[in-house]
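Let me begin by presenting the structure, written as structure tokens, before commenting on it.
The values are calculated or read from the model by the stated rules, or taken from the named source; none is laboratory data. All of these numbers come straight from a predicted model, not from anything done at the bench. Cβ sites come from the backbone with ideal geometry, for glycine too, and all protein chains shown count toward neighbours. When the accessible area is computed, the model is the full protein with side chains, heavy atoms only, and any ligands, DNA or RNA have been set aside. Shrake-Rupley method; radii C 1.70, N 1.55, O 1.52, S 1.80 Å.
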Amino acid sequence: MFLSKISRGRAGETPLTRILRLMGVVAVFILVSVLYWHYYEHSLDQIMTKQSVWDQTKTLTTDQKRAIQSFSRMLKSRYGMNLKLKITREHVVVPALNAKTMFIGICPDRQEVTVIFPPLMRSALGTRFEDYLNREHFTPYWQDGQWHQGLGSALALIGEQLEKLDDHEHTN
């Protein structure tokens, strides 16, 4: 008896209104699914970027963290590489890295920087550039106590060098 009421619909309801109601329910379901998917994607992105930046010193500002996370997303989306940034109060310890992870370790108290490119990036940008970042780039920033600006500058230099490779590759 209950099933027969469902199949007949409401009194005075035409087949067109039943179809429109059904389409409305389907549209709401699709909209909710798409919104959930975007929320999940955004949450996963936030988790992944937080894992890539570890600041024990708590000296990076929110804007600086956002810029680093933006660089990390660009590195991942354009080149398929990850960034691991570790800012520590102690000696920089290099974690286990895979072949697609660039590591930057900074110890401001000891004025120590460790930059390790993944093998593909090292062969493309050269070991001299990696050595420059490790030995020379941060020197003026240590003296001024502005190592975080040196970090931003280093990331910008890396981005520029990768961009030059892209431009060179597209012109050939």
Report summary line: Over the chain, with neighbouring protein chains present, the accessible area per residue in Å² at probe 1.4 Å is 69 Å²
Report summary line: Summed over the other residues with a beta carbon less than 11 angstrom from that of Ile106, with K and R at +1 and D and E at -1, the charge totals 0
Query raised in the report: Which residue, Ile68, Ile87, Ile19, has the most motion in a Gaussian network model of the chain that connects Cα atoms within less than 10 Å?
Result: Ile19
Query raised in the report: When the accessible area of region 51-170 is computed with all protein chains present and a 1.4 Å probe, what percentage of it is carbon and sulfur?
Result: 48 percent
Requested in this report: Could you please report the charge total around Thr88, scoring K, R as +1 and D, E as -1 over all other residues with beta-carbon less than 13 angstrom from its beta-carbon?
Outcome: +1
Query raised in the report: Out of (i) 1.25; (ii) 1.05; (iii) 1.66, which label holds the value of Cα Rg over 2.2 N^0.38 Å that was computed here?
Result: (iii)
Query raised in the report: What is the calculated FRET efficiency for Ser153 to Ser77, with r their C-beta to C-beta distance and R₀ = 35 Å, to the nearest 0.05?
Result: 0.95
Query raised in the report: Which whole-number percentage describes the relative contact order of the chain, with Cα contacts under 8 Å and a sequence gap of 6 or more?
Result: 13 percent
Report task. Could you work out how far apart the two model spin labels at Gln161 and Tyr132 are, taking each label as a point 7 Å from the Cα in the direction of the beta carbon, and quote it in nm? Result -> 0.7 nm
Query raised in the report: Roughly how big is the chain's charge dipole about its Cα centre, with Cβ charges of +1 (Lys, Arg) and -1 (Asp, Glu), in debye to the nearest 20?
Result: 1180 debye
Report task. Just grab the label-to-label distance for Glu112 and Glu13, each label 7 Å out from Cα along the Cβ direction, in nm (one decimal). Result -> 7.2 nm
Query raised in the report: What helices in the chain pass both tests, a Cα length along the helix axis of 15 Å or more and a mean Kyte hydropathy of 0.5 or higher, using whole DSSP H runs?
Result: 15-52
Query raised in the report: Counting pairs on different chains as well as pairs 8 or more places apart, how many Lys pairs in the chain have Cα atoms under 23 Å apart?
Result: 20
